[in-house]
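First the structure, in the form of structure tokens, and then the observations on it.
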């Protein structure tokens, strides 16, 4: 003779079985997460490159010297080696007067994962969080949305990035405190303390 269980009993048994299954999945998931974690340090190598972009400004105008300094600061923030050079040309009224247009060439070295961890030029590197937003770092201003928008390819091609959120919503001749935000992790050298 087969006994029929009541609906509440069947629901209780189903709930217990579901909890047991979820518990085993959580254990498997935790183990997989531990296996998938990346080490705190990784072997990397410097790669020298030359990248270019055109700057067109409607809201914020830079002198060629000012644009060179700003782009160099951003490159250093993203982990470029200290010998980075930036050259801007085409400023309509000379290098010391603000201009709407400039052609920018950046020569810099950045880290990429080492192809041969035993090579002589390998350095110890790790992932570091970088943010570009008004006042983050302190040299970034509220009116620099157009520059952040126009250096997107320079940063994407020039650096090893992960978990990147790159948002710009620039409106010509308007400044907003929330018109750009970049948040990413970049491969940077680990210096001895």
Might you let me know whether segment 28-43 holds any residue that is surrounded by 17 or more Cβ atoms within 10 Å (Cβ to Cβ), in contact with a strand residue (DSSP E or B) (Cβ under 6 Å, 6 or more places away or on another chain) and either modelled with pLDDT under 95 or assigned to a strand (DSSP E or B) (or both)? yes
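For residue 49, are the conditions met, namely being at pLDDT 50 or above, within 24 Å of residue 114 (Cβ to Cβ) and outside any loop (DSSP other than H, G, I, E, B)? Even if it seems obvious, please write down each step before you answer.
Values: at pLDDT 50 or above: yes; within 24 Å of residue 114 (Cβ to Cβ): yes; outside any loop (DSSP other than H, G, I, E, B): yes.
So residue 49 passes the test.
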Given the condition assigned to a loop (DSSP other than H, G, I, E, B) and within 18 Å of the chain's Cα centre (by Cα), answer yes or no: does some residue in segment 65-79 qualify? yes
Restricting the search to segment 158-178, which residues are over 17 Å from the mean Cα position of the chain (by Cα) and crowded, with 16+ Cβ neighbours inside 10 Å? 170
On the basis of being in contact with a helix residue (DSSP H, G or I) (Cβ under 7 Å, 6 or more places away or on another chain) and either outside any strand (DSSP E or B) or over 19 Å from residue 43 (Cβ atoms) (or both), does residue 148 make the cut? no
Give just the number: which of (1) in contact (Cβ under 8 Å) with a residue 60 or more places away in the chain; (2) touching a strand residue (DSSP E or B) at 6+ places or on another chain (Cβ under 6 Å); (3) surrounded by 13 or more Cβ atoms within 10 Å (Cβ to Cβ) does residue 155 not satisfy? (2)
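The values are calculated or read from the model by the stated rules, or taken from the named source; none is laboratory data. Remember, it's a predicted structure, so these values are computed and weren't measured experimentally. As a convention, Cβ positions derive from the backbone with ideal geometry for all residues, glycine included, and neighbour counts pool all protein chains shown.
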